[in-house]
1. Mind checking which residues of the stretch 85-128 are without any contact (Cβ under 8 Å) to a residue 24 or more places away in the chain and of a type in the set (Val, Ile, Thr)?
2. Does any residue in the stretch 1-19 that is farther than 26 Å from GLU32 by Cα come within less than 8 Å, Cβ to Cβ, of a residue that is outside any loop (DSSP other than H, G, I, E, B) and of a type in the set (Ser, Thr, Tyr) six or more places away or on a different chain, and which pairs are these?
3. Which numbered condition in (1) among the small types (Gly, Ala, Ser); (2) closer than 21 Å to LEU30 by Cβ; (3) out of contact with any strand residue (DSSP E or B) (no Cβ under 6 Å at 6 or more places or on another chain) is the only one that ALA51 fails?
4. Among the residues that make up the stretch 4-22, is at least one of them in a helix (DSSP H, G or I), surrounded by 13 or more Cβ atoms within 10 Å (Cβ to Cβ), basic (Lys, Arg) and at pLDDT 95 or above?
5. Report whether or not PRO63 is more than 20 Å from ARG20 (Cβ to Cβ) and either touching a His at 6+ places or on another chain (Cβ under 6 Å) or surrounded by 15 or more Cβ atoms within 10 Å (Cβ to Cβ) (or both).
6. From LEU146, LEU113, which residue is closer than 23 Å to LEU5 by Cα and surrounded by fewer than 22 Cβ atoms within 10 Å (Cβ to Cβ)?
7. Restricting to the stretch 115-147, count the residues that are farther than 24 Å from MET83 by Cα and among the hydroxyl-bearing types (Ser, Thr, Tyr).
8. Does the stretch 95-133 hold any residues that are modelled with pLDDT under 95 and in contact with a helix residue (DSSP H, G or I) (Cβ under 7 Å, 6 or more places away or on another chain), and which are they?
Amino acid sequence: MTVLLDGPPDRDDLPAVDRRLLRARAVRILRELAQSRSELSIALVDDATIADLNSRYRGRSRPTDVLAFALREGPEPNRSGKMLGDVVISVETAARQARRAHRGLDGELARLLVHGTLHLLGHDHQEPAETRAMRAEERRLRRAILS
């Protein structure tokens, strides 16, 4: 199992991220999802970078908290090898959300990592039944990695 972690950008105004903890949680998530042979890429970015990605790939010109780019979707899903895809998290947005929810940044990053990883595996929240199933799996995974 490989977890590739890039970022966050080297900026004084961004909060510190415990990269070791985030990587360990990613490994735990993959194990909990029976994906121990898979690879995962995580990019920690700023709001400008995620706003650009959100605009280019989703047509929404604003920052968001997390984007997931699955490699096992599309016309040739088997060409991705072991790589599930990329989870891109805005550290700036995560920090704002953590403050509003009265939780730490590490917990918010874990929440976003769980959400993004589930998207890589095909979970969605477009329909009410999908939303319920995804939220239940998010709760299960958060309990597993935060305990």
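1. none
2. PRO9/THR49
3. Checking ALA51 against (1) among the small types (Gly, Ala, Ser); (2) closer than 21 Å to LEU30 by Cβ; (3) out of contact with any strand residue (DSSP E or B) (no Cβ under 6 Å at 6 or more places or on another chain), the one that fails is (2).
4. yes
5. So PRO63 passes the test.
6. Criteria check complete, one pass: LEU146.
7. Number of matching residues: 2.
8. Result: HIS123, ASP124, HIS125.
The values are calculated or read from the model by the stated rules, or taken from the named source; none is laboratory data. It should be emphasised that the depicted structure is a prediction, and the values quoted were computed from it without experimental measurement. All Cβ positions, even for glycine, are placed from backbone atoms using ideal geometry, and neighbour counts span all protein chains on display.
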